[in-house]
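Engineer: Sharing a structure here in structure tokens format.
The values are calculated or read from the model by the stated rules, or taken from the named source; none is laboratory data. The structure displayed is predicted, hence computed values, not measured ones. Counting neighbours? That spans all protein chains shown, and the Cβs are built from the backbone with ideal geometry, glycine included.
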Amino acid sequence: MMFLLDDQQREFARSLSSLLAASGPPGVIRAWASGDHTPGRTLWARLADAGVFTLAVPREHGGLGPLPVELTVAFTELGRHAVPGPVVETVAAAALLDRLGDGAAAAAWLPGVAKGKTIASLCLLSADSPYALDADAADAVLVVDGDTVRLAERAGPVQRSMDPARRLFRPSGGQVLARGPAVTAAAARAADVAALVTAAQSLGLGRTLVDRTVAHAKQRSQFGVAIGSFQALKHRLADALIGLEFAEPLVHAAALALAQDDPASGREIAAAKLAACEAAWNAARTGLQIHGALGYTEELDLSLWIRKARALRSAWGTPATCRARVLT
């Protein structure tokens, strides 16, 4: 089976890339990291106008989805430009609300998600992290504890991520939205969606790291020649690119499996996340080493991508968790 995007999907990716490039991502990221969410919300509104969030929301609530394949196309571009904010958590929260079987909760929040007016964060206490990302910027913070989902109260930041634009909160209390087996099933679906789009995000992130590192290697000189002509660096960059090339069809295959409700979709998603995040992390380490001392400076825009690659590697499924799931 071949996993190739069609012309419409490729055009969607190109239009998103142009939109994001024109938005000045480094400035938006740094503002978000400092607690200024205004540029980030402006960008969020533009993404909504482009139809990104409608892909996660069912038609009865103003969306076009759920469309997992198109979501991976969108999130690859979000990763390519290192878009800050709980974009993963918002589409995962949409999946949770869609599967809850509670029409009131879905009707209350999903139309706002589709229009870009509602930013959501999601915390699954049974997952690898008890934190809700960017709860201070979210309009709704959903917490799943066993078979109960709550609309949580906001709490102060308790820990900073490796990515300065990822602010971690431990939510508590709040109104109970639903209880029962439907919550458990909906949470599992939400976790799968989050892991899948995180894989796509990492794929795009890794491609930017490779592209910018190649450009740097062509410009920087040592001993009178560009360092990109050194065989050792060519091998490192080739290895980084090959890892991303191998991960891409896994991400598309996982999206197709999820769209078809394939019973094996969980293993497909775990494999995709493992491959994509490890490839992005390898690209980050390669970029850091080839940039040399410059790579360690926060003033270098690429440092925002390098640090995000490390954070995404463990978000929504650590490498160990993904390996264990693939083997089940």
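Engineer: Being at pLDDT 95 or above and either under 30 Å from residue 89 (Cβ atoms) or of a type outside the set (Lys, Arg) (or both) narrows it down to one of 233, 274, so name that one. Steps first, please.
Structural biologist: Working: 233 fails: at pLDDT 95 or above.
Exactly one residue qualifies, and that residue is 274.
Engineer: If a residue must be within 25 Å of residue 130 (Cβ to Cβ), part of a loop (DSSP other than H, G, I, E, B) and not polar (S, T, N, Q), how many such residues does segment 278-328 contain?
Structural biologist: 3
Engineer: I need a count of the residues in segment 214-253 that are touching a residue at least 24 places away in the same chain (Cβ under 8 Å), within 30 Å of residue 195 (Cβ to Cβ) and surrounded by 13 or more Cβ atoms within 10 Å (Cβ to Cβ).
Structural biologist: The qualifying residues number 14.
Engineer: Would you check which residues across segment 53-69 are part of a helix (DSSP H, G or I), among the hydrophobic types (A, V, I, L, M, F, W, C) and in contact with a strand residue (DSSP E or B) (Cβ under 8 Å, 6 or more places away or on another chain) and list them?
Structural biologist: Scanning segment 53-69 gives 55, 56.
Engineer: For segment 212-240: of the residues being in contact with a helix residue (DSSP H, G or I) (Cβ under 6 Å, 6 or more places away or on another chain) and small (Gly, Ala, Ser), which is nearest to residue 280 (Cα to Cα)?
Structural biologist: Per the stated criteria, the residue is 240.
Engineer: What's the number of the condition residue 295 fails, among (1) surrounded by fewer than 21 Cβ atoms within 10 Å (Cβ to Cβ); (2) within 17 Å of residue 211 (Cβ to Cβ); (3) modelled with pLDDT of 95 or more?
Structural biologist: (3)
Engineer: Can residue 228 be described as in a helix (DSSP H, G or I) and modelled with pLDDT of 95 or more?
Structural biologist: no
Engineer: For residue 42, all conditions in the list (1) touching a Phe, Trp or Tyr at 6+ places or on another chain (Cβ under 8 Å); (2) farther than 24 Å from residue 250 by Cβ hold save one; what is the number of the exception?
Structural biologist: That leaves (1) as the condition not met.
Engineer: Tell me which strands (runs of 3 or more DSSP E) are completely within segment 81-191 and hold 3 or more residues being touching a residue at least 12 places away in the same chain (Cβ under 8 Å) and farther than 23 Å from residue 53 by Cα, or say none if there are none.
Structural biologist: It comes to 157-160, 172-179.
Engineer: I need a count of the residues in segment 53-99 that are among the hydrophobic types (A, V, I, L, M, F, W, C), closer than 24 Å to residue 182 by Cβ and buried (at least 22 other Cβ atoms within 10 Å of the Cβ).
Structural biologist: So the answer is 13.
Engineer: A further question follows. Which residues, taken from segment 42-52, are assigned to a helix (DSSP H, G or I) and either under 17 Å from the mean Cα position of the chain (by Cα) or crowded, with 17+ Cβ neighbours inside 10 Å (or both)? Walk me through it before giving the result.
Structural biologist: Step one: list which residues in segment 42-52 are assigned to a helix (DSSP H, G or I), which gives 42-49.
Residues satisfying the conditions are 43, 44, 47, 48.
Engineer: If you check residue 269 against the conditions, is it modelled with pLDDT under 95, touching a Lys or Arg at 6+ places or on another chain (Cβ under 9 Å) and more than 14 Å from residue 205 (Cβ to Cβ)?
Structural biologist: For residue 269, the condition - modelled with pLDDT under 95, touching a Lys or Arg at 6+ places or on another chain (Cβ under 9 Å) and more than 14 Å from residue 205 (Cβ to Cβ) - is not met.
Engineer: Here's something else I'd like to know. Given (1) charged (D, E, K, R); (2) buried (at least 20 other Cβ atoms within 10 Å of the Cβ); (3) touching a residue at least 24 places away in the same chain (Cβ under 8 Å), where does residue 268 come up short, assuming only one miss?
Structural biologist: (3)
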